[in-house]
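Novice: Questions regarding the structure given below will be posed in turn.
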Amino acid sequence: MKSKPSAVKVMPSHEDSIADLMQNLLLKIGEDPERQGLVRTPQRAEKALRFLTSGYEMDIASIVNGALFDETCDEMVVVKDIEFYSMCEHHVLPFFGTMHVAYLPNNKVIGLSKIPRIVDMFARRLQLQERLTHQVAETLQDVLQPKGVGVICEARHFCMMMRGVEKQHSGTVTSAMLGGFRERKETRDEFLSLVSARNHPFY
Ligand SMILES: [Zn+2]
């Protein structure tokens, strides 16, 4: 630890680690960072925060890693109920939910497991739900050049549930529709009906 936190006001410097800042934060909210349960909290919190924001370090090329395949299939591909956990950039509080991602192949498909990883790459950053939804759609559009991409994101925000309006049961839905999903109502309807079919065919 570089600097011992004290009650006097010390401006954080660029040299402070996240753990140092967290130690200072514990003091600022009126806690005693020396008590047993909190002794290692700054280090644990740093580790957690680094994981929750690890999306900044990820890049699309190493995620896709060649998992693009020529395929004449032109039926809609849908990956639904992709869990995600993100942090709102306005309050640095979690928001989480599910994302449904679809595309219309244009002689090319992507390994299905890559889609949740693309979601994680953007979710593990400070985010807005609207931007997260669009970034996933636009990234798939760039990588696959498909005939269209549709993304629907359903989320619940801790900043709404725990503070402010305290609406524990309200959800937020955002969507991004590109290409055929934007132009054709039938395509959107097909996507929506596949996504809302709640009874799973496998069990
Ligand atoms: Zn918020």
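The values are calculated or read from the model by the stated rules, or taken from the named source; none is laboratory data. Everything quoted here is computed from the prediction, not taken from an experiment. Here the Cβ is made from the backbone with ideal geometry for all residues, glycine too, and neighbour counts use every protein chain on show. In case anyone asks, the SASA skips ligands and DNA or RNA and just uses the protein heavy atoms, side chains included. Shrake-Rupley method; radii C 1.70, N 1.55, O 1.52, S 1.80 Å.
Novice: Being more than 22 Å from residue 83 (Cβ to Cβ) and either away from the ligand (no atom under 13 Å from the Cβ) or surrounded by 13 or more Cβ atoms within 10 Å (Cβ to Cβ) (or both) is the filter here; which residues of the stretch 147-165 pass it?
Specialist: 147, 148
Novice: Taking the condition within 16 Å of the ligand (Cβ to nearest atom) and in contact (Cβ under 8 Å) with a residue 24 or more places away in the chain, does residue 123 pass?
Specialist: Yes: the conditions hold for residue 123.
Novice: Could you figure out which of (1) within 13 Å of the ligand (Cβ to nearest atom); (2) farther than 17 Å from residue 81 by Cα isn't true of residue 172?
Specialist: That leaves (2) as the condition not met.
Novice: Could you tell me how many of the residues in the stretch 98-144 are over 12 Å from the mean Cα position of the chain (by Cα) and open to solvent by 40 Å² or more (accessible area, probe 1.4 Å)?
Specialist: Of the residues in the stretch 98-144, 8 are over 12 Å from the mean Cα position of the chain (by Cα) and open to solvent by 40 Å² or more (accessible area, probe 1.4 Å).
Novice: Please specify each residue of the stretch 71-91 satisfying the condition of being within 16 Å of the ligand (Cβ to nearest atom), open to solvent by 80 Å² or more (accessible area, probe 1.4 Å) and under 13 Å from the mean Cα position of the chain (by Cα).
Specialist: 85
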